[in-house]
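The values are calculated or read from the model by the stated rules, or taken from the named source; none is laboratory data. The structure displayed is predicted, hence computed values, not measured ones. Positions of Cβ are generated from backbone atoms using ideal geometry, with glycine treated the same way; all protein chains shown enter the neighbour counts.
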Amino acid sequence: LFWQDTFYLNGETLAVPSTLKTCMKMLADTRQLDCTQLEEALLANLADMLYPHYLAGYLALGD
């Protein structure tokens, strides 16, 4: 979920770097993200940001 430049995950605000805002808006809008289109550095930053939330059970990997 996002509103203006604020992102939320499981009801809590999530600090999103400006380089990842487009990806996160796509994830919020579609509830999925095709990571095959992302540059390797961008994908690494996204994974670093989301991995703790995945471990907490807030996110799931798709097929």
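Taken over the range 7-18, the residue count meeting the criterion of being more than 19 Å from residue 30 (Cβ to Cβ) and either of a type in the set (Val, Ile, Thr) or not in a strand (DSSP E or B) (or both) is 5. Selection over the range 15-63 of residues that are of a type in the set (S, T, N, Q) and either in contact with a Pro (Cβ under 8 Å, 6 or more places away or on another chain) or surrounded by 15 or more Cβ atoms within 10 Å (Cβ to Cβ) (or both) gives a count of 1.
Candidates in the range 30-44 are the residues that are closer than 16 Å to residue 7 by Cα and under 11 Å from the mean Cα position of the chain (by Cα); of these, the one that is modelled with the lowest pLDDT is 33.
Do we have any residue at all in the range 51-60 that's in a loop (DSSP other than H, G, I, E, B) and within 10 Å of the chain's Cα centre (by Cα)? Checked against the condition, which is being in a loop (DSSP other than H, G, I, E, B) and within 10 Å of the chain's Cα centre (by Cα), the range 51-60 yields at least one hit.
Scanning the range 26-45 for residues that are among the hydrophobic types (A, V, I, L, M, F, W, C) and in a helix (DSSP H, G or I) gives 26, 27, 28, 35, 41, 42, 43, 44.
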